[in-house]
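Novice: Here you go, one structure.
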Amino acid sequence: MNELYYLHPDAKLGSNVKIEPFAVIHEDVIIGDNCTIGSGAVLFPGARIGDNCKIFPGASIAAIPQDLKFEGEYTTVEIGNNNVIREYATINRGTAASGKTVIGDNNLIMAYSHVAHDCVIGNNCVLANNTTLAGHIEIGDFVITGGMSAIHQFVHIGQHAILAGGTLLDKDVPPYVKVGKMPASYCGINSVGLHRRGFSQEDINEIQDIYRTIFQKGLLYSVALEEVKARKQNIYTNIIATFMERADRGLIKGYH
């Protein structure tokens, strides 16, 4: 035990790990190379941290889930490489349902955000300040959630989607779209984000045309899905149709 921080002797650290004063690292914690653990951060048993991660002061990683069904089963939090977890963010470990909470690579989780048990977050996502995820949420790659967003349990958010600040979300969000208003609704496609990530104008036009069918023609989603599947098939029709088919909570409202 260092006089400035607590490091359990059974914790496993990679090379060049910096631990700032008053951090607490419990047993059964694994930290990769070149990580920084900020002052007052707490890593509980079951935390698995990849390489090149920066955990800022006050963050809490792998505390037991806030789930009344949790009975002390062994579970983990698995965090990939190159993640930044800002001040006082909380990431809870999984339950028996899946055994783990998972965060991919290259994500920015801003201050005071909460990632609940059994969530799965992809790569290159940004959760802006005070984003709150309930349990069992799945978020695809390159998703951005605006500050103060609150997301209902079991919701799925498709890749490259963006949520406006303050969004209250209780339905699934298909890939590539913008979400805003109240109740949460389709507000067009995330064309700026797609341009920045190298999508061609032709691809963006194709995605936009698919969503005109889904959200702007006034069709039942089941009918719109069949129209999408009847289009000339390409990567985008396949991705969007597959997402719609597994949207157990139903899709967000259409354009209005």
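Novice: For segment 141-175, enumerate the residues that are β-branched (Val, Ile, Thr) and within 12 Å of the chain's Cα centre (by Cα).
Specialist: Taking segment 141-175 as the starting set, the residues that turn out to be β-branched (Val, Ile, Thr) are 143-145, 151, 155, 157, 162, 167, 173.
Val143, Ile144, Thr145, Ile151, Val155, Ile157, Ile162 - these are the residues of segment 141-175 that are β-branched (Val, Ile, Thr) and within 12 Å of the chain's Cα centre (by Cα).
Novice: Give all pairs with beta carbons closer than 7 Å in which a residue from segment 200-221 that is in contact (Cβ under 8 Å) with a residue 24 or more places away in the chain meets a residue that is of a type outside the set (S, T, N, Q) and part of a loop (DSSP other than H, G, I, E, B); count only pairs at least 6 apart in sequence or on separate chains.
Specialist: Short answer, once both residue conditions are applied: Ile207/Tyr176; Phe215/Gly254; Phe215/Tyr255; Gln216/Gly254; Gln216/Tyr255.
Novice: Same structure again: Condition first: open to solvent by less than 20 Å² (accessible area, probe 1.4 Å) and either among the charged types (D, E, K, R) or under 17 Å from Val173 (Cβ atoms) (or both). Now tell me which residues in segment 214-242 satisfy that.
Specialist: Residues satisfying the conditions are Ile214, Phe215, Ala224, Val228, Ile240, Ala241.
Novice: Here's a follow-up. Going residue by residue through segment 99-115, is there one that turns out to be more than 25 Å from Leu68 (Cβ to Cβ), of a type in the set (Lys, Arg) and free of Cβ contacts under 8 Å to residues at least 60 places away in the same chain?
Specialist: Checked against the condition, which is being more than 25 Å from Leu68 (Cβ to Cβ), of a type in the set (Lys, Arg) and free of Cβ contacts under 8 Å to residues at least 60 places away in the same chain, segment 99-115 yields no hits at all.
Novice: If I ask for residues that are over 16 Å from Ala63 (Cα atoms), in contact with a strand residue (DSSP E or B) (Cβ under 7 Å, 6 or more places away or on another chain), part of a loop (DSSP other than H, G, I, E, B) and of a type outside the set (D, E, K, R), which ones from segment 9-35 would you list?
Specialist: Gly14, Val17, Gly32, Cys35
Novice: Just give me the residues in segment 243-253 being open to solvent by 60 Å² or more (accessible area, probe 1.4 Å) and outside any strand (DSSP E or B), in sequence order.
Specialist: Pass one, segment 243-253, residues open to solvent by 60 Å² or more (accessible area, probe 1.4 Å): 245-246, 248-249, 253.
Across segment 243-253, the qualifying residues are Glu245, Arg246, Asp248, Arg249.
Novice: Hey, another quick one. All but one of (1) over 12 Å from the mean Cα position of the chain (by Cα); (2) without any contact (Cβ under 8 Å) to a residue 60 or more places away in the chain hold for Cys125, so report the exception by its number.
Specialist: Among (1) over 12 Å from the mean Cα position of the chain (by Cα); (2) without any contact (Cβ under 8 Å) to a residue 60 or more places away in the chain, Cys125 violates only (1).
Novice: Collect the residues in segment 194-222 that are at positive phi and modelled with pLDDT of 95 or more, keeping them in residue-number order. Outline the logic, then answer.
Specialist: As a first pass, look at segment 194-222 and keep what is at positive phi: 198, 218.
Result: Gly198, single match.
Novice: In segment 175-207, how many are out of contact with any strand residue (DSSP E or B) (no Cβ under 9 Å at 6 or more places or on another chain) and either exposed (fewer than 12 other Cβ atoms within 10 Å of the Cβ) or not hydrophobic (A, V, I, L, M, F, W, C) (or both)?
Specialist: Step one: filter segment 175-207 for residues out of contact with any strand residue (DSSP E or B) (no Cβ under 9 Å at 6 or more places or on another chain), giving 194-203, 205-206.
If we keep only those that are either exposed (fewer than 12 other Cβ atoms within 10 Å of the Cβ) or not hydrophobic (A, V, I, L, M, F, W, C) (or both) too, we end up with 195-198, 200-203, 205-206.
Of the residues in that region, 10 qualify.
Novice: Hey, can you tell me all the residues within segment 148-166 that are closer than 20 Å to Tyr88 by Cβ, in a loop (DSSP other than H, G, I, E, B) and open to solvent by 20 Å² or more (accessible area, probe 1.4 Å)? Step through it out loud before you land on a result.
Specialist: Step one: list which residues in segment 148-166 are closer than 20 Å to Tyr88 by Cβ, which gives 148-151, 165-166.
Keeping just the survivors that are in a loop (DSSP other than H, G, I, E, B) gives 148-149, 165-166.
Answer for segment 148-166, where residues must be closer than 20 Å to Tyr88 by Cβ, in a loop (DSSP other than H, G, I, E, B) and open to solvent by 20 Å² or more (accessible area, probe 1.4 Å): Met148, Gly165, Gly166.
Novice: If I go through segment 36-48 residue by residue, how many of them are assigned to a strand (DSSP E or B) and open to solvent by 30 Å² or more (accessible area, probe 1.4 Å)?
Specialist: Going through segment 36-48, the residues assigned to a strand (DSSP E or B) turn out to be 36-37, 42-43, 47-48.
Checking the rest, the ones that are also open to solvent by 30 Å² or more (accessible area, probe 1.4 Å) come to 36, 42, 48.
Number of matching residues: 3.
Novice: If you check every pair at least six apart or on different chains, which have Cβ atoms under 6 Å apart with a residue in segment 160-182 that is small (Gly, Ala, Ser) first and a residue that is assigned to a loop (DSSP other than H, G, I, E, B) and at pLDDT 95 or above second?
Specialist: Qualifying pairs under 6 Å: Ala161/Val143; Ala164/Gly146; Gly165/Gly146; Gly165/Gly147; Gly165/Met148; Gly166/Met148; Gly180/Ala164.
Novice: Report whether or not Glu227 is charged (D, E, K, R), free of Cβ contacts under 8 Å to residues at least 24 places away in the same chain and farther than 19 Å from Asn123 by Cβ.
Specialist: Numbers: charged (D, E, K, R): yes; free of Cβ contacts under 8 Å to residues at least 24 places away in the same chain: yes; farther than 19 Å from Asn123 by Cβ: yes.
Yes.
Novice: Looking only at segment 51-70, filter to residues that are out of contact with any strand residue (DSSP E or B) (no Cβ under 6 Å at 6 or more places or on another chain) and more than 13 Å from His117 (Cα to Cα); which one of those is surrounded by the most Cβ atoms within 10 Å (Cβ to Cβ)?
Specialist: Of everything passing the filter in segment 51-70, Cys53 is surrounded by the most Cβ atoms within 10 Å (Cβ to Cβ).
The values are calculated or read from the model by the stated rules, or taken from the named source; none is laboratory data. Note that this is a predicted model, so its numbers are computed, not measured. As a convention, Cβ positions derive from the backbone with ideal geometry for all residues, glycine included, and neighbour counts pool all protein chains shown. The accessibility values were calculated without ligands, DNA or RNA, using every heavy atom of the protein model including side chains. Shrake-Rupley method; radii C 1.70, N 1.55, O 1.52, S 1.80 Å.
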